[in-house]
1. For Leu45, only one of the following conditions fails: (1) at pLDDT below 95; (2) within 17 Å of Ser138 (Cβ to Cβ); (3) of a type outside the set (Asp, Glu). What is its number?
2. Which count do you get for residues in the stretch 68-86 that are surrounded by fewer than 21 Cβ atoms within 10 Å (Cβ to Cβ) and assigned to a helix (DSSP H, G or I)?
3. Name the residue, out of Ala100, Ala128, Ala96, Ala137, that is out of contact with any His (no Cβ under 9 Å at 6 or more places or on another chain), in a helix (DSSP H, G or I) and surrounded by 22 or more Cβ atoms within 10 Å (Cβ to Cβ).
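The values are calculated or read from the model by the stated rules, or taken from the named source; none is laboratory data. None of the values given here were measured: they were computed from a predicted structure. Every residue, glycine as well, gets a Cβ built from its backbone with ideal geometry; the counts of neighbours run over all protein chains shown.
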Amino acid sequence: MLDRLIIVLTLVLLGGVAFAQQAPPPPPSAGTTVPAVTPGLTPDLAEATRMIQDGQYLSARVKIDAAIAANAKNPQARFLRGVVEADENEPDSALATFQALTEDFPELPEPYNNMAVIWAQRGQYEKARSALESAIASNPNYAIAHENLGDIYSRLSGAEYDRAVAIDKTNKSAQAKLVLVRQLYAVAPSSNAPVLAVPVPKPAATPKPKK
């Protein structure tokens with residue numbers, strides 16, 4: 001499981017994303033999968049997800065931008081824009097998009113998760129850890145964030161074992177633990193990566209009439 005961090009699009013930063021793993025500290029590289037059918041999306045945004053899946057990012061941007069022009073707060077459209085930005089190698093723009101979503105919709109864990117994946121790709125595991133902890137705080141049952149957090153902790157522990165061995169090459173205990181961590185990194189990506197729906201904010205509670 002250390003061989004993948006999951007980015008939700010549908011985000012999954014959406015479906016699932018498998019990352020090629022190496023021994024620490026080099027960060028992983030990403031790819032994004034989009035479900036064939038995404039409940040809760042408008043037809044245009046559902047089509048945009050299919051375009052993302054097919055790598056038709058320019059056409060997907062047209063539909064996403066049109067949805068945002070019609071409703072600047074649309075969380076699904078903004079989320080998909082972040083996915084496109086991440087896939088199109090625009091990590092700074094994607095981070096800004098997901099960060100803005102966390103500010104407008106703090107109850108959604110998916111933007112935090114996607115931010116964590118970008119930080120992990122950069123090898124900034126402490127920032128990734130913080131983002132994943134925020135995702136879990138917003139939704140304690142968000143399994144993807146828990147799994148990704150476990151991967152981040154494993155990378156952090158691997159880096160520490162590596163430092164211990166570099167400082168003391170006679171440290172057999174640290175050497176053995178480093179070997180175990182690297183064996184975990186070598187595990188093949190799961191073929192059953194979960195696919196999630198694009199985040200939908202909870203509707204505001206209807207005020208009860210005063211008696």
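1. Evaluating Leu45 over (1) at pLDDT below 95; (2) within 17 Å of Ser138 (Cβ to Cβ); (3) of a type outside the set (Asp, Glu) leaves (2) as the failure.
2. Matching residues across the stretch 68-86 total 4.
3. Ala128
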